[in-house]
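**Q** Dumping the structure here so I can ask a few things about it.
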């Protein structure tokens, strides 16, 4: 089967998660295209894929605009094939329940506004990449990390992604995709 993973990343952790998903999908014998959302070629045909995973990181409470544009422009296809959505948001890893709930609400609101109803939705923690931030961003992220219970050691980057959750998400998506394909094959027989 052909699977599309479309994503939006700012600091690279979403892309790292997508690469892990793509490896898992390939290892199960499927073809996968991982496509950055801001670089979609004009001749791109979403309809050639049997399923889609879309993911994006949250910054300042928002996803990259191009993800919503893609979903809106391809809504009929996305809602017709097996689909999944994931968010990368540090708030899901917070020690504060309100912050964790807010992280989940971001995806609920986004999906509602986009008119998309994926079969599978997840939120993964990302990374705090202190060494890649400018001095102002590093200071702000240190304050946020301290408030949320994360590391404030700015000399190194800190990865919080739960890779087992990424594996479970991907395997669940593949199982649903395979089951739907088998059911369609039985209906045709």
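The values are calculated or read from the model by the stated rules, or taken from the named source; none is laboratory data. Bear in mind the structure is a predicted one, so any value in this text is a computation, not a measurement. Neighbour counts run over all protein chains shown; Cβ positions are idealised from the backbone, glycine included.
**Q** Is there a residue being under 12 Å from residue 2 (Cα atoms), more than 15 Å from the chain's Cα centre (by Cα) and loosely packed, with under 15 Cβ neighbours inside 10 Å anywhere in the stretch 70-84?
**A** no
**Q** From 172, 154, grab the single residue that is in a helix (DSSP H, G or I) and either touching a residue at least 12 places away in the same chain (Cβ under 8 Å) or out of contact with any strand residue (DSSP E or B) (no Cβ under 8 Å at 6 or more places or on another chain) (or both). Spell out how you get there, then give the answer.
**A** Working: 154 fails: in a helix (DSSP H, G or I).
Checking each option against the conditions leaves just 172.
**Q** Right, something else. Mind checking which pairs have a first residue in the stretch 25-42 that is over 10 Å from residue 3 (Cα atoms) and a second that is surrounded by fewer than 17 Cβ atoms within 10 Å (Cβ to Cβ) and at pLDDT below 95, Cβ under 7 Å, 6 or more apart or different chains?
**A** Within 7 Å, the pairs are 37/66; 38/66.
**Q** Based on this model, can you work out whether residue 20 counts as assigned to a helix (DSSP H, G or I) and either in contact (Cβ under 8 Å) with a residue 40 or more places away in the chain or surrounded by 13 or more Cβ atoms within 10 Å (Cβ to Cβ) (or both)? Please lay out each step first, then the result.
**A** Numbers: assigned to a helix (DSSP H, G or I): yes; either in contact (Cβ under 8 Å) with a residue 40 or more places away in the chain or surrounded by 13 or more Cβ atoms within 10 Å (Cβ to Cβ) (or both): yes.
So residue 20 fits the description; yes.
**Q** Out of everything in the stretch 50-67 that is in contact (Cβ under 8 Å) with a residue 24 or more places away in the chain and surrounded by fewer than 19 Cβ atoms within 10 Å (Cβ to Cβ), what residue ends up being nearest to residue 6 (Cα to Cα)? Step through it out loud before you land on a result.
**A** Initial filter on the stretch 50-67 (in contact (Cβ under 8 Å) with a residue 24 or more places away in the chain): 50-59, 61, 63-64, 66-67.
Restricting the remaining residues to those that are surrounded by fewer than 19 Cβ atoms within 10 Å (Cβ to Cβ) gives 50, 59, 61, 66.
Working: 50: 14, 59: 18, 61: 20, 66: 10 Å.
The residue in question is 66.
**Q** Another one. Restricting attention to the stretch 79-112, and to residues there that are in contact (Cβ under 8 Å) with a residue 24 or more places away in the chain, touching a helix residue (DSSP H, G or I) at 6+ places or on another chain (Cβ under 6 Å) and part of a helix (DSSP H, G or I), which single residue is farthest from residue 51 (Cα to Cα)? Can you show your working first?
**A** Of the stretch 79-112, the ones in contact (Cβ under 8 Å) with a residue 24 or more places away in the chain are 79, 81-96, 99, 103, 106, 110-111.
This time we only want the ones that are touching a helix residue (DSSP H, G or I) at 6+ places or on another chain (Cβ under 6 Å), so: 82, 84, 87-89, 91-92, 94, 99, 103.
In the following step, the residues that additionally are part of a helix (DSSP H, G or I) were identified as 91-92, 99, 103.
On the way: 91: 28, 92: 26, 99: 31, 103: 25 Å.
Top of the filtered list is 99.
**Q** Residue check: is residue 161 buried (at least 16 other Cβ atoms within 10 Å of the Cβ) and in a loop (DSSP other than H, G, I, E, B)? Talk me through it step by step, then tell me what you get.
**A** Numbers: buried (at least 16 other Cβ atoms within 10 Å of the Cβ): yes; in a loop (DSSP other than H, G, I, E, B): yes.
Here the answer is yes, as residue 161 does meet what is asked.
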